[in-house]
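Reviewing the structure listed below.
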Amino acid sequence: MSGHGAAKPEIVLRLAGITKRFGPLVANEAISLALARGEIVGLLGENGAGKTTLMNILFGHYVADEGSIEVEGRTLPPGSPSAAIKAGIGMVHQHFTLADNLSVLDNIVLGTEPLTRLSSNTAKARARIRELGESFGLAIKPDAQVATLSVGERQRVEILKALYREAKILILDEPTAVLTPQETASLFETLKKFAAKGLSIILISHKLGEVLAACNRVAVLRAGKLVAERPAVGTTRAELAEIMVGRVIKPPKAEPQPAGDVLLSLKGVSARQLDDVSLSLRAGEVTGLAGVSGNGQSLLAEVICGLLPPQRGSVSVKGNEIRAFSPRGMIALGIARIPEDRHAEGLVGDMTVTENAISEAYRSPAFSRLGLIDWPSARRFAEDIIAKYQVKCPSPGARVRLLSGGNMQKIILGRVMANSPSIILANQPTRGLDVGAVAYVHEQLLDARKRGAAILLISEDLDELLALSDQIAVMYRGRISAPIPRGRVNISEIGLMMAGQGFAHAA
């Protein structure tokens, strides 16, 4: 660049030739990436593309086999999270790491003072937290107990933790996954304030529209390699999706169709925080359920799965009221579930693909002979799922924990759809999945809708709800709104209801 051009940006972070292998698997291959001061870079890629591995190397959790990292021109010692923090690198994980029983101040200060210090300078810490909050638009009461905070406020605390440690480079992993649209917009305004003050940010997200709205530049990983870098301005979602997966992604579309009979009905159900919940699911219809995490969606899912019997009210399947609640009983009634957490609830990591595939039906005649599991039949069933759902795994005998999140979800989908269930509970079915895997899950749900299944889609992704749902209800503090038909509500209105504004409890 000539001397008359714009000043060359100051590079604060430089990754050079980063390579990481796990046995024969090359997770990162010769990745070189730079981050300028005051720049926001979006990091995109399919599940298993190498994003998490690369960030773990940057933060010192992993040691690269080849390559180096420089922060402000100084080589970062490998494999040392404390060295990364001292160099000014802060990371905000998707799942918050806060102690609910402690105050905001205690959570932020924890770990920043030596154990040998006899007393803590809380006055100075409190003043510093207030100063950071006012400066970056993250105002929060230092003495508030974390348990009393909303999800958006907890995220502020996580960011303040990094800023308190004088982070110059901030890594945000799926920061909008549990936020309302209004909280998301507020976060993006905050990120732009950060950048204006010289903070550099790496934003990891699967939401392409948000990445383009918030970032200056986008870097895309595919199969462990950096395959593209693009300025956010002038780049489209469709272009990024194609770069990520290597092919054109056509999102499935929900064609209009009449709804059938009521297959599942809840009337006045109360259990724990659930308060007088009434809802009907009809054949051939997707009912979307929105709400900020912790407002009762998971408890409602537990009732429908048979894990949580109602304290009051009734649940009926195909007109018959349920008297005895159990997961096995609900499965026998034709209720299939895609659980919220595929790791903790959906699959057993140390079991094989075959064992997980038959885990909800191993006592059925299809897999049981004289009380013993028919392993050849079980293996054929797993092989059918692998082939039909294009599961990338070494064999049906592979341990599930070795698979990527997207491939784990495909196993659950195959298990759920195997017997063409009449009622499907899809709880956060695409959380953490890349755009290609999301399109595949949506296609399977719409195929089930077309053949007459009643589907409850619980999701914190409002674009997903609007794209797939025939009607949308909102949960707020354990109560549910009356369902609103497709086309009569927008993202902004749903977001306000999720925050309690304009929320009308269903009679």
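None of the figures in this text is laboratory data; all of them are computed from the coordinates on show. Given the structure is predicted, the values throughout are model-derived calculations rather than measurements. As a convention, Cβ positions derive from the backbone with ideal geometry for all residues, glycine included, and neighbour counts pool all protein chains shown.
In a simple Cβ point-charge model (Lys, Arg +1; Asp, Glu -1; nothing else charged), region 311-418 has a dipole of about 140 debye relative to its Cα centre.
Working note: 222 nm ellipticity from helices only, DSSP H runs with n ≥ 4, each -39,500 (n - 2.57), summed and divided by the residues of the chain, gives -9000 deg cm²/dmol to the nearest 500. Computed extension length for residue 270-residue 121: 49.0 nm, one decimal, from 0.36 nm per residue of separation with the Cα-Cα distance subtracted.
Once the C-beta distance of residue 504 and residue 318 is scaled by a Förster radius of 25 Å, the resulting FRET efficiency is 0.30 to the nearest 0.05.
For region 242-321, the calculated P(r) over all alpha carbon pairs, in 10 Å bins from 0 to the bin holding the longest distance, is 16, 38, 24, 14, 8, 0 percent. What residues from region 310-327 fall in the zone where the backbone N is under 15 Å from a label point 7 Å along the Cα-to-C-beta line of residue 368? 327, by backbone N distance to the label point.
When only alpha carbons are used to place a centre, region 409-454 and region 9-70 end up 33 Å from one another. The peptide list 208-215, 408-415, put in order of mean Cβ contacts within 10 Å with the highest first, becomes 408-415, 208-215.
Dipole magnitude for the chain: computed about the Cα centre from +1 point charges on Lys and Arg Cβ and -1 point charges on Asp and Glu Cβ, it is near 240 debye. In this structure, the amide hydrogen of residue 228, modeled 1.01 Å from its nitrogen in the peptide plane, lies closer than 5 angstrom to those of 220, counting only residues at least 5 positions away or on a different chain. The ellipsoid that matches the Cα gyration tensor of the chain has semi-axes, each √(5λ) in whole angstrom, of 41, 28, 23, with the longest given first. If you take all other residues with their beta carbon under 12 Å from the beta carbon of residue 65, and give Lys and Arg +1 and Asp and Glu -1, the sum is 0. With unit charges on the beta carbons (Lys and Arg positive, Asp and Glu negative) and the dipole taken about the Cα centre of region 11-245, which residue among 96, 185, 133 sits farthest to the positive side? Result: 133, furthest along the dipole toward the positive end. The amide H of residue 458, built 1.01 Å from its N in the peptide plane, has 289, 426, 427, 428 as neighbours under 5 Å, considering only residues 5 or more places off or on other chains. Note: region 11-245, Cα convex hull, 129 Å³ per residue. Sorting the segments 267-276, 189-198 by their mean number of nearby beta carbons within 10 angstrom, highest to lowest, gives 267-276, 189-198.
Rounded to the nearest 20 debye, the dipole size of region 120-199 about its Cα centre is 380 debye, using +1 on the Cβ of Lys and Arg and -1 on the Cβ of Asp and Glu.
Extension gain, residue 189-residue 237: 0.36 nm per intervening residue step, less the Cα-Cα distance, totals 15.2 nm. The H on the amide N of residue 10, modeled in the peptide plane, is under 5 Å from the matching H of 37, each at least 5 residues off or on a different chain.
Farthest toward the positive end of the dipole of region 168-291, out of 205, 232, 290, is the Cα of 232, where the dipole comes from beta carbon charges about the Cα centre. Between residue 293 and residue 10, the modelled labels are 3.5 nm apart [label points 7 Å from Cα along Cα→Cβ]. Subtracting the Cα-Cα distance of residue 262 and residue 328 from 0.36 nm times their residue separation leaves 21.6 nm of extension gain. Here the chain carries DSSP beta bridges of which approximately 55% are antiparallel, counting only pairs with both residues inside. When each of the peptides 8-21, 153-166 is scored by the mean number of other C-beta atoms lying within 10 Å of its residues, the order from highest to lowest reads 153-166, 8-21.
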